[in-house]
Amino acid sequence: MRTLIFFLLSFAVYGINTESIHPFTDINGRTLQAKFIEAGPDFVKIEWKGQVFDLPFSSLNAETKALTRLLARTAQARKSSGELDKWTDKQGRTIEAKFLKLDGDKLILNWNGKVVSLPLEMFDSKSQELARSLVKDQVPAPVPANSSVKINLDGKLNLNLEYPWQNTSGQTANGTFVELSKTTLKISMSRGSREVDIPVDSLNKDSLALAKKLQVLASAEQKKLATLAKKRKAMKVAAVTEADLEIEHDFTNASGQVVKAQFVEADDKMVSLLMARRSKTPFKLAWTSFADESVVKLEALRRKRVEVDNAKPKIIPAKGNRLSYYGSGKYKGYNTVFEEDGYAVGVPSTGNSLNIFVKQEAVEDGVSAGPLGILRMSVGFGNSYTDRTNPERPRRRTRGIKSFDVSPEPSTERDEIKLTGKFTNDGTFEYNIRMTRKGLEFWSRIKDSSGEDWPTSHSVGMSFKGTVPKVKDMAMNQIKGVIGDGAFYAQPVEGKTVKLPFGDSWVELMKNVKRGALTNLKSFEAKGTPYDPMRIVVTPFVKDMKLEYSRTYSYMYPLQGISLRYTSLEKRTEIPRNRALKINLLPK
């Protein structure tokens, strides 16, 4: 275990490849060698032997949980910062590549997986300026393993400074302190772009002592922030305009130093500022680090930001395989939102799926609803093919979107959306979603490019989300209070309706279900306490179509979620309009 902890700490310092195969081990010692896809609040999605599975965090051992968090944060950091930049030469030719370094008069790039060295002078002035700015923004190289780092624990410590954190083998990770628990030290690295958890028992004596001292400072800071938050809300501030949010201001810290920066956003703990001429990434400072006059100015800007975001959400333009979307406010991240009294539907910028929210106040104690309600279900257009690069080990993969033909403007008034575009293999797609007061309809079609060796199969996939977010920390008597009479009801094409109560185990439930009964359904319904005041009914077209269920192999209870897949038996590249899948969202 100690070897793996040092291995993870080394990843934290030197970086981790989210595209590689990693070991995912459960609490019983079973290991899958799989590719990380994404992580949610209570699961990790992996690709194993061409199939995609959701693994509950509660089923994973401690080392795998740490690895998963690191993978998720690495993926998010790369997504938010953008790995690829556009480089244009003096003849107007452009490539997309990742900046590595500037070595004298040579620009070193990672282009399509290959490291290339090109003369800087061959690029236009804008690309040369970009290269020089990226040099300034690069994070300094990490301290090598086994180097000796001494910290004056009797000197003045600062929660905003980066410190070198060492384990007992001398490996070092530089980052700012976030929090300390009995088992884990959380630090922020790469200018706040990712957080890393370090096991407490792996820290050397000095780093552990430093963490404890900073935790005392952090506790005192929290009390100051709570007091200051109440004071700020009662402040009388000068009027500012929307234009003030787009320019830089002088802000003074508690030591009298002045920084010129643009206000981005703020919560009750931190203020985000941007120095555009130095970096494209905002940095954060605690409210308590500012002088009184700057606190007043920042509070005025914060109120104006809230007012502007609520009145006129920022619009992020379409780019590549992303639709345009709301960049702020209640509908942040979505291109299309459709709201009714009991539910809301959001189509995100990815364009190939949507989320269904039920308007409820909370899932359980301590877990609040989002601005659209509680996410209960996701629906997406699925496209897969068999990769036969290695004939002895064919793998099932997902066909990605390369671009959209047209991006509709973000809207809350739209009730039907049609999206067309190209896949990465230059095949084409057409996705249709119709939204009404009673529910949703989905139909679609795809076409592979001429000469495609690996044909694409099309489907509409559905995922009912877990109904108890904190299930791993709860006893069954607590869980029962949350799920109440909640259950799934599956109606096979042949046979009686199968009831799947959330609190019963899959092992016991399947003892009374005829083999294969749930692989061809004519309806599927979710209802009961977790979904009140709504019930969700999935209605397929039975003739020449198929609706089947699946669940992650490690799920023990229906309350952890379930997936459905709708396909055509006649033509695997189309969900015809006259056989559209219907999902009804009905009052209880």
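Observations
- Region 168-181 residues that are surrounded by fewer than 16 Cβ atoms within 10 Å (Cβ to Cβ), paired with ones that are among the β-branched types (Val, Ile, Thr) (beta carbon under 9 Å, 6 or more apart): Gly170/Val149; Ser181/Val200
- Filtered residues of region 538-550 (kept if under 28 Å from Leu55 (Cα atoms) and surrounded by fewer than 19 Cβ atoms within 10 Å (Cβ to Cβ)): Lys546, Glu548, Ser550
- Counting only residues that are of a type in the set (Phe, Trp, Tyr) and modelled with pLDDT under 90, region 209-268 holds 0 of them.
- Exclusive hit being over 30 Å from Ile479 (Cα atoms), aliphatic (A, V, I, L, M) and touching a helix residue (DSSP H, G or I) at 6+ places or on another chain (Cβ under 7 Å), set Val358, Val308: Val308
- Odd one out for Ala254 among (1) within 26 Å of Leu84 (Cβ to Cβ); (2) of a type in the set (A, V, I, L, M, F, W, C); (3) in contact with a helix residue (DSSP H, G or I) (Cβ under 8 Å, 6 or more places away or on another chain): (1)
- Every listed requirement among (1) more than 30 Å from Leu71 (Cα to Cα); (2) crowded, with 16+ Cβ neighbours inside 10 Å is met by Ser188 save one, (1).
- Residues (surrounded by 22 or more Cβ atoms within 10 Å (Cβ to Cβ) and either not assigned by TED's automatic domain parsing to the domain that holds Trp443 or not hydroxyl-bearing (Ser, Thr, Tyr) (or both)) located in region 512-533: Leu518, Leu521, Phe524, Ala526, Pro530
- Meets criteria (at pLDDT below 95, under 30 Å from Val406 (Cβ atoms) and among the aliphatic types (A, V, I, L, M)) for Ile316: yes
- When Val295, Val259, Val271 are screened for being surrounded by fewer than 19 Cβ atoms within 10 Å (Cβ to Cβ) and of a type outside the set (Gly, Ala, Ser), only Val259 passes.
- Residue within region 527-540 that is farther than 23 Å from Arg434 by Cα, charged (D, E, K, R) and touching a residue at least 40 places away in the same chain (Cβ under 8 Å) present: yes
- Any hit, region 158-166, residues being in a strand (DSSP E or B), at pLDDT below 85 and surrounded by 13 or more Cβ atoms within 10 Å (Cβ to Cβ): yes
- Residues being closer than 22 Å to Leu225 by Cβ and more than 30 Å from the chain's Cα centre (by Cα) are entirely absent from region 304-317.
Residue-wise test of (1) outside any loop (DSSP other than H, G, I, E, B); (2) in contact with a strand residue (DSSP E or B) (Cβ under 7 Å, 6 or more places away or on another chain).
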{"residue": "Ile187", "(1), (2)": "yes, yes"}
{"residue": "Ile198", "(1), (2)": "yes, yes"}
{"residue": "Val216", "(1), (2)": "yes, no"}
{"residue": "Ser219", "(1), (2)": "yes, no"}
{"residue": "Lys223", "(1), (2)": "yes, no"}
{"residue": "Thr227", "(1), (2)": "yes, no"}
{"residue": "Met235", "(1), (2)": "no, no"}
{"residue": "Ala261", "(1), (2)": "yes, yes"}
{"residue": "Val264", "(1), (2)": "yes, yes"}
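- The condition (being among the charged types (D, E, K, R), under 26 Å from Glu129 (Cβ atoms) and crowded, with 16+ Cβ neighbours inside 10 Å) is satisfied by just one residue among Arg302, Arg322: Arg322.
- Only residues that are under 22 Å from Phe251 (Cβ atoms), in a helix (DSSP H, G or I) and not β-branched (Val, Ile, Thr) were counted in region 289-327, giving 15.
- Tally, over region 12-47, of residues that are assigned to a loop (DSSP other than H, G, I, E, B), at pLDDT 70 or above and farther than 21 Å from Pro469 by Cα: 3
- Taking residues in region 560-583 that are on the phi > 0 side of the Ramachandran plot, and partners anywhere that are hydrophobic (A, V, I, L, M, F, W, C) and surrounded by 17 or more Cβ atoms within 10 Å (Cβ to Cβ), the pairs with Cβ atoms closer than 6 Å and at least 6 places apart or on different chains are Gly561/Phe464.
- Among (1) modelled with pLDDT of 75 or more; (2) more than 25 Å from Gly561 (Cβ to Cβ); (3) surrounded by 14 or more Cβ atoms within 10 Å (Cβ to Cβ), the one test that Trp111 misses: (1)
- In region 48-61, the residues that are without any contact (Cβ under 8 Å) to a residue 40 or more places away in the chain and either more than 22 Å from Tyr557 (Cα to Cα) or assigned to a strand (DSSP E or B) (or both): Trp48, Leu60
- Summed over region 202-214, the residues that are free of Cβ contacts under 8 Å to residues at least 24 places away in the same chain and either in contact with a strand residue (DSSP E or B) (Cβ under 7 Å, 6 or more places away or on another chain) or surrounded by 13 or more Cβ atoms within 10 Å (Cβ to Cβ) (or both) give a count of 1.
- Count of residues meeting criterion [closer than 18 Å to Ile433 by Cβ and of a type in the set (A, V, I, L, M, F, W, C)] in region 302-335: 2
- Conditions (1) closer than 20 Å to Met462 by Cβ; (2) more than 17 Å from the chain's Cα centre (by Cα); (3) modelled with pLDDT of 85 or more: number failed by Asp341: (1)
- Filter result for Ser324 (under 24 Å from the mean Cα position of the chain (by Cα) and at pLDDT 90 or above): yes
The values are calculated or read from the model by the stated rules, or taken from the named source; none is laboratory data. Not measured: the values here are computed from a predicted model. Glycine also receives a Cβ, built like all others from the backbone with ideal geometry; neighbour counts cover every protein chain displayed.
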